Amino acid sequence: MTWLVQPRLVNDPFSDPGLFVDFRFGRRALLFDLGDLTPLSPRELLRVSHVFVSHTHMDHFAGFDHLLRLCLHRAGPLQLTGPAGFADRVAAKLDAYTWNLLDADSIDFAIVVDEFDGRVRGRWRFLARTAFARQEAEPPLLASGLVLDEEEFSIEAAGLDHATPCLAFALQERLRVNVWREGLDRLGLPVGPWLNGAKRAVRRGDPDEGVVAIDAARTITLGELKRDALRIAPGQRLAYVVDAAAHAENIDRAARLARGADQLFIEAAFADEDAALAAERHHLTASAAGEIARRAGARHVTPFHFSPRYLDRPELIPDQVKEALREFG
Ligand SMILES: [Zn+2]
């Protein structure tokens, strides 16, 4: 069974935070945070359709220019989601440059910005053809807690306290439905677009008695198709949790968002002996990150965003996170 997306950290754990989520099929990718993006190739960055920015401290947002410069000449829109006030930050970035060569004949590139504070409440557009003048738009109709809702996956967000709102994100794939070619052959059925409809019906949870049309003459029940020619598995859940103070409310919220994560990417900026420093900087300690991972029931945990003060002891924080996972477990 193949999963829809494959995540990887953009940088090593001591450098800028960021997660690149690549789709296995089709030319598409997502990004969580926009720090230093230099390890990503132009080809990878041009695949990015949506970016989710936790907050606009420089190490999470300084890569905006890098991405913009590459995307400026592509036709597909770039959608960005961030916390309240985010559209002002994007507008300020765009205001820093001279756009006198852009006009109505320019390529139709658009930046779409959503702001989330428990739900998506605002949307703005900045079009290359209008030299990135800010335009208010209708916010998307999304359920509370969601920042994106597509046929194959959705993305949830939760606001954490980092002395400024900081968003954590969780990507949930819907049921994975793969076609088993041999089973299809045995049923004497052709590969074709009709299978997409069948896959959609499974993801929707349609009953087994439901009928799927193969062509004008033939039908099959969903139950038969599932038994003989489809392989179905739960989709994976990925969670991305960065800068947050290590207090109870943040730990609760982050653990709830990351519940059941197959992969949890979580900041752990400070070692436990530096808890006072972590509190001062509003960051998680290693044991707080471990506690979140344990309470979430995360299957695989990748701690990152370590303070450079531990560069000579790269295993210190990962070891403390592991220990905290055991201790609380
Ligand atoms: Zn920060």
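The values are calculated or read from the model by the stated rules, or taken from the named source; none is laboratory data. No experiment lies behind these values; they were computed from the predicted model shown. Glycine gets a Cβ as well: all are built from the backbone with ideal geometry, and neighbour counts include every protein chain shown. These accessible areas exclude ligands, DNA and RNA; they are computed on the full protein's heavy atoms, side chains included. Shrake-Rupley method; radii C 1.70, N 1.55, O 1.52, S 1.80 Å.
Out of the stretch 33-70, which residues are more than 16 Å from the ligand (Cβ to nearest atom) and in contact with a His (Cβ under 8 Å, 6 or more places away or on another chain)?
Within the stretch 33-70, L37, T38, L45 meet the criteria.
Considering only the stretch 221-242, I want to know if a residue exists there that is of a type in the set (S, T, Y) and within 16 Å of the ligand (Cβ to nearest atom).
From the stretch 221-242, those of a type in the set (S, T, Y) are 221, 240; that's our starting set.
Checking which are within 16 Å of the ligand (Cβ to nearest atom) leaves us with 240.
Yes: the stretch 221-242 contains one or more residues that are of a type in the set (S, T, Y) and within 16 Å of the ligand (Cβ to nearest atom).
Just the residues that are among the polar types (S, T, N, Q) and farther than 17 Å from A87 by Cα, please, taken from the stretch 131-159.
To start, the set of residues in the stretch 131-159 that are among the polar types (S, T, N, Q) comprises 135, 144, 154.
Of everything in the stretch 131-159, those that are among the polar types (S, T, N, Q) and farther than 17 Å from A87 by Cα turn out to be S144, S154.
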> Restricting the search to the stretch 79-110, which residues are under 19 Å from T164 (Cα atoms) and assigned to a loop (DSSP other than H, G, I, E, B)?
Replying inline: A84, G85
> Take the residues of the stretch 19-56 that are open to solvent by 10 Å² or more (accessible area, probe 1.4 Å) and outside any loop (DSSP other than H, G, I, E, B): which is nearest to A168 (Cα to Cα)?
Replying inline: H50
>> Where the second residue is of a type in the set (V, I, T) and open to solvent by less than 60 Å² (accessible area, probe 1.4 Å) and the first is in contact (Cβ under 8 Å) with a residue 12 or more places away in the chain and lies in the stretch 248-259, which pairs have Cβ atoms under 7 Å and are six or more apart or on separate chains?
In response: I251/I292; A254/V241; A254/I292; A255/I292; A258/V241; A258/I292
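Can you tell me which residue is most open to solvent (accessible area, probe 1.4 Å) among those in the stretch 116-139 that are among the aromatic types (F, W, Y) and part of a strand (DSSP E or B)? Quick ask: steps written out before the conclusion?
Kept after step one, since they are among the aromatic types (F, W, Y), are these residues of the stretch 116-139: 116, 124, 126, 132.
Narrowing further to those that are part of a strand (DSSP E or B): 116, 124, 126.
Numbers: F116: 6, W124: 38, F126: 2 Å².
Top of the filtered list is W124.
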> List pairs: first in the stretch 151-170 and within 11 Å of the ligand (Cβ to nearest atom), second of a type in the set (S, T, N, Q), Cβ under 8 Å, 6+ apart or cross-chain?
Replying inline: L160/N250; C166/S54
> Quick one: is S307 within 16 Å of the ligand (Cβ to nearest atom), of a type outside the set (F, W, Y) and either touching a helix residue (DSSP H, G or I) at 6+ places or on another chain (Cβ under 6 Å) or modelled with pLDDT of 95 or more (or both)?
Replying inline: yes
> Residues of the stretch 281-302 being open to solvent by 10 Å² or more (accessible area, probe 1.4 Å) and within 16 Å of the ligand (Cβ to nearest atom), which ones?
Replying inline: R281, H282, H283, T285
>> As an exercise: evaluate V113 against (1) more than 26 Å from L238 (Cβ to Cβ); (2) open to solvent by less than 50 Å² (accessible area, probe 1.4 Å); (3) modelled with pLDDT of 95 or more; (4) touching a helix residue (DSSP H, G or I) at 6+ places or on another chain (Cβ under 9 Å) and give the number of the one condition it does not meet.
In response: (1)
> Which pairs do you get when a residue that is in contact (Cβ under 8 Å) with a residue 24 or more places away in the chain, found in the stretch 41-69, comes within reach of a residue that is of a type in the set (F, W, Y) and open to solvent by 20 Å² or more (accessible area, probe 1.4 Å), reach meaning Cβ atoms under 9 angstrom, with the pair 6+ apart or on two chains?
Replying inline: R47/F23; D65/Y97; L68/Y97
